[in-house]
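Structure, as C-alpha cells:
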Protein chains: 2
Amino acid sequence: MTPSTSTFSARLNAAAKLVEANLEALLADNARHGEIARPARLMAAMRHAVLGGGKRLRPFLTIEAARLFGFEGQGALRAGSAVELLHCYSLVHDDLPSMDDDDLRRGRPTVHRAYDEATAILAGDALQTLAFEVLADAETDADPAVRADLVLGLARAAGLGGMVGGQMLDLSAEGRYGDGAVSMGEAGVRQLQMMKTGAILAFSVEAGAILGRADAGARRSLVEYGRALGAAFQVADDILDREASAEALGKRTGKDQEKGKATLVDLLGLEGAKGECRQLVERADAALGGFGDRARILRDAVRFVVEREV
Amino acid sequence: MTPSTSTFSARLNAAAKLVEANLEALLADNARHGEIARPARLMAAMRHAVLGGGKRLRPFLTIEAARLFGFEGQGALRAGSAVELLHCYSLVHDDLPSMDDDDLRRGRPTVHRAYDEATAILAGDALQTLAFEVLADAETDADPAVRADLVLGLARAAGLGGMVGGQMLDLSAEGRYGDGAVSMGEAGVRQLQMMKTGAILAFSVEAGAILGRADAGARRSLVEYGRALGAAFQVADDILDREASAEALGKRTGKDQEKGKATLVDLLGLEGAKGECRQLVERADAALGGFGDRARILRDAVRFVVEREV
C-alpha cells in the first residue's frame, strides 16, 4: 500500500463514519419541524435501506470536491448525505420484484424481502423526498441560491433524463417490451450507463463545486472529472460482474448475461474494457490538471473506483 | 347556479386549461438542458399518468392564493403544476398491485395496467423528481429564496412526515401488518388524512403565499385555510365513497369498508360527517377573514370541495 492510498482509505473511512451518523440523525423516529408524524414501520424500512454499510462514495466525493475549494462546512456532509439518500432510494426500487427482483443487497435481505413490497415502494419514495428536503433546508447552506442550485442539479441527474430514464432503458434492453433483448450498440450502452449511474456520480462531485462557490471554469472541470469517474465506475462494475463471485459482491453476479443485456465487456472484450478504464482514469486526471497537488485525493478516488473489488 | 359559482367554475376551468398545456410542455419527448435523453416509454407512461383529465384543484389553489397577493406571473402556474406532478406520482404508486391494486383511475386504465408495474414505478419516481426540478428552476421565480422555500415546503408535505407517511399509516390501518384492521380512533383517522391528503392541499395554498411574498401572518392564515380545506376534502371524499356510484367516480367505491378501514363516516355517522364539513367550511372562511372580498374565490373553492360529486 502506497502512502497515498493509505491516506485515501483513512479519509474515505472517516467520511463514511460522519455520513453514517448524519444519516442516522436524519432517519430518527421522532417527527421534526413541519412533519405530522413519522410512522415506525416506514422509518424502520428507510433505515434498513440506508444504514449499516456502503462505502459512501458519493458523499465522499461531495465532501472532497468542496474541500478542493476550501469549503469545510457541515453543508458538504449534508449535501453528500442527500445524494446518498437518493442513491439508496434507487437501489430499493431497482431491487423490487417487478424490476431486477433481487433478494440480497450488501449481503442483507433487500427491503421488500425484509418488509414487503408496498413498504419498499413507500420507503424509496420517502427517501427521494428526504433527499430534496435536506438540500433545500437552510442548514445545508445559508445562501438559498446554493440550495436551489443543488436541488436543480440533483433533480436533473436523478430524473427522467438521468437515473430513472437510465433504469427505463435498462429494462427495455432486457427485451421486456419487444421480442428478446434489444441490441443497443456501444453508443446506446454508454448513454444508458451515463444516465443510470454516471449522472448521479457526476453530480456528487458538482455538488462540492456548488458549495465551494467554484467559478464556471472550475465547476466545468469538476463536472468533466465526475463524468469520467462515473463512466469508469460503470465499466469497472461490468468487469466485476463478469469476474467476481457473488459472495464477494454480496449480490447475484452475471445477471446481465442471464438477461441477454449487452455490457461494455461484451462490446469491447475484457481487455478492451480494462483499457477503457485506464483511459477514463487519465481523462479524470486531465480534468483536474488545473488544481495541482490539492486534487490528489480526487485522483486517488477514481483509481479506487476502478480498482475496487466489491 | 349563483353568479359566484358561475365565476368560480369559469376560473377553475380556465386554470385547468393553462395547467394542462404547461404539463404537456413539461412532459414533451425532447430532452432539455442537463438531460441526456428522454426514453419514449417512460415519457408515454408519465403523460398517461398526468394528462387528459382532473380538476387540477391543487394548481388552481396555488394560482388563486398567489393572486390574493397580487402575484399574477407564470411562477404560480409552474409551482401549481409541480404540485400536480407530485399528486399524480402519488396516484400512480397508490394504484400499484402491492398497494391499493386499482385498475381504473379517472375512468381510464391505471398506469401499471396500461403499461406494466416496473414502468409505473419508474413513471411515479420520475414525476416526483420532475416536481422538485420545476420548483428549483429559475423560470419559476427569479428569487432563489422563494424557490428553496417552495422545494422545502413540498418536500415536507410529501415525505415521510406527510403524504408518504400517511399512505404507510393507511396500509397499516388495513391490518396488513398485524391481525385484522387496526382500530385507529378518531384522532388517528384525522392524523392519517391530514398526512395523506391534507398536507399537499395545504401546501398548494401556501405555495401561492410564498410566491406572493406574503408576510408571516398572512402566510399563517393561508396555511390555516389550506388545512381546513384539506380536511374538508377528505371528509367529503369519505362521504362520496359511501354514497356515490363507481360509474360517477370512475373508480371503485366502498373500498374502505371492504378493507375494514375506519373512515370519519364510520366514526361520526353520515350526518355527523356532513356537519363536520360545514364546520370546516366555516373554519376556512374564518381564516380568510382578513382578506375581505378579495378572497371570495378561495371561499368558493372550499365549498366546491365539499359539494363536488366526483
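Can you flag which of A:Lys261/B:Lys196; A:Lys17/B:Lys196; A:Lys196/B:Lys17; A:Lys261/B:Lys55; A:Lys196/A:Lys274; B:Lys17/B:Lys196 are past 31 Å Cα-Cα? Spell out each step's value before the answer.
Values: A:Lys261/B:Lys196 40 Å; A:Lys17/B:Lys196 35 Å; A:Lys196/B:Lys17 34 Å; A:Lys261/B:Lys55 43 Å; A:Lys196/A:Lys274 20 Å; B:Lys17/B:Lys196 26 Å.
Over 31 Å apart, Cα to Cα: A:Lys261/B:Lys196; A:Lys17/B:Lys196; A:Lys196/B:Lys17; A:Lys261/B:Lys55.
Whose amide H sits under 5 Å from the amide H of B:Phe69, counting only residues 5 or more places off or on another chain, with H placed in the peptide plane?
none
In whole Hz and in residue order, list the ³J(HN,Hα) couplings for the stretch B:9-25 that follow from phi through the Karplus curve 6.51 cos²θ - 1.76 cosθ + 1.60, θ = phi - 60°; x for Gly and Pro.
4, 4, 6, 4, 5, 5, 5, 4, 5, 5, 5, 4, 5, 5, 5, 4, 5
Shortest first and in nm with one decimal, please list how far the A:Tyr177 label point sits from its counterparts in the other copies (point 7 Å along Cα→Cβ).
Label point to label point, same position, other copies: 3.3 nm.
From Cα pairs below 8 angstrom and at least 6 apart in sequence, can you work out the relative contact order of chain A, rounded to a whole percent?
Computed value for chain A: 18 percent relative contact order.
Can you pull the one-decimal nm distance between simple spin-label points at A:Tyr177 and A:Ser9, each 7 Å off the Cα toward Cβ?
Label at A:Tyr177, label at A:Ser9, 4.4 nm between them.
Would you mind listing the distances between the A:Ala142 label point and the same position in each other copy? Use 7 Å along Cα-to-C-beta, nm, one decimal, shortest first.
Here the equivalent label points are 2.5 nm apart from this one.
Put a dot 7 Å past each Cα toward the Cβ at B:Ala28 and A:Lys55; how far apart are the dots in nm?
For the pair A:Lys55/B:Ala28, the computed spacing is 4.0 nm.
Per-residue ellipticity at 222 nm for the protein assembly as shown, helices alone: DSSP H runs ≥ 4 residues times -39500 (n - 2.57), over residue total, nearest 500 deg cm²/dmol?
Values: 30 runs with 424 residues, N = 620.
Calculated at 222 nm, the ellipticity per residue is -22000 deg cm²/dmol.
Relative to the other copies, what are the label-point distances for B:Asp29, with labels 7 Å from Cα along the C-beta vector, expressed in nm at one decimal and sorted shortest first?
Values, ascending and in nm: 5.2.
Apply the Karplus curve 6.51 cos²θ - 1.76 cosθ + 1.60, θ = phi - 60°, to the phi angles in the stretch A:149-160 and return the couplings in whole Hz, x for Gly and Pro.
So the J values, rounded to whole Hz, are 5, 5, 4, 4, x, 5, 4, 5, 6, 9, x, 4.
For an R0 of 35 angstrom, estimate the FRET efficiency from the Cβ-Cβ distance between A:Ala114 and B:Ala218 and round to the nearest 0.05. Don't skip to the end; give the middle numbers.
On the way: r = 46 Å, r/R0 = 1.33.
Efficiency, rounded to the nearest 0.05: 0.15.
Counting Lys and Arg as +1 and Asp and Glu as -1, each charge on the Cβ, what is the dipole of the stretch A:3-307 about the Cα centre in debye, to the nearest 20? Don't jump to the answer; show the numbers that get you there.
On the way: 37 positive and 44 negative charges, 124 e Å.
Once rounded to the nearest 20, the dipole reads 600 debye.
Starting at the first residue of the stretch A:207-213, write each ³J(HN,Hα) from the Karplus equation 6.51 cos²θ - 1.76 cosθ + 1.60 with θ = phi - 60°, in whole Hz, x for Gly and Pro.
Here the 3J(HN,Hα) series is 4, x, 5, 5, 5, x, 6 Hz.
Can you tell me the equivalent ellipsoid semi-axes for the protein assembly as shown? Use √(5λ) from the Cα gyration tensor, largest first, whole Å. Could you put the intermediate results ahead of the total?
On the way: eigenvalues 361, 141, 96 Å².
Ellipsoid semi-axes (Å, largest first): 42, 27, 22.
Could you pull out every residue, at least 5 positions away or on a different chain, whose amide H is within less than 5 Å of the one on A:Arg108? Hs are placed 1.01 Å off N in the peptide plane, and Pro or chain starts have none.
Sorted by chain and number, the residues that satisfy this come to none at all.
Evaluate E = 1/(1 + (r/R0)^6) for A:Glu271 and B:Asp143, where r is the Cβ-Cβ distance and R0 equals 56 Å; express this FRET efficiency to the nearest 0.05. Please list the in-between numbers first.
On the way: r = 54 Å, r/R0 = 0.97.
Given R0 = 56 Å and the Cβ-Cβ separation, E is 0.55.
Sum up the charges of everything whose Cβ sits under 12 Å from the Cβ of A:Ile297, counting Lys and Arg as +1 and Asp and Glu as -1, but leave A:Ile297 out. Before the final figure, lay out each step's value.
Working: positive: A:Arg11, A:Arg67, A:Arg294, A:Arg296, A:Arg299, A:Arg303; negative: A:Glu64, A:Asp293, A:Asp300.
Every neighbour counted, the sum reads +3.
Quick one: length gained pulling B:Arg106 to B:Arg278 fully straight, 0.36 nm per residue minus the C-alpha distance?
Working: separation 172, 0.36 × 172 = 61.92 nm, distance 2.69 nm.
Gain in length upon complete extension: 59.2 nm.
Farthest toward the dipole's positive end in chain A, which of A:Ala157, A:Leu171, A:Gly217, given Cβ charges of +1 (Lys, Arg) and -1 (Asp, Glu) about the Cα centre?
Farthest towards the positive end: A:Gly217.
Computed from the coordinates by the stated procedures, all read-outs in this text should not be read as laboratory data. Being a predicted model, the structure only gives us computed values, none of them experimental. All Cβ positions, glycine included, derive from the backbone under ideal geometry; neighbour counts span all protein chains shown.
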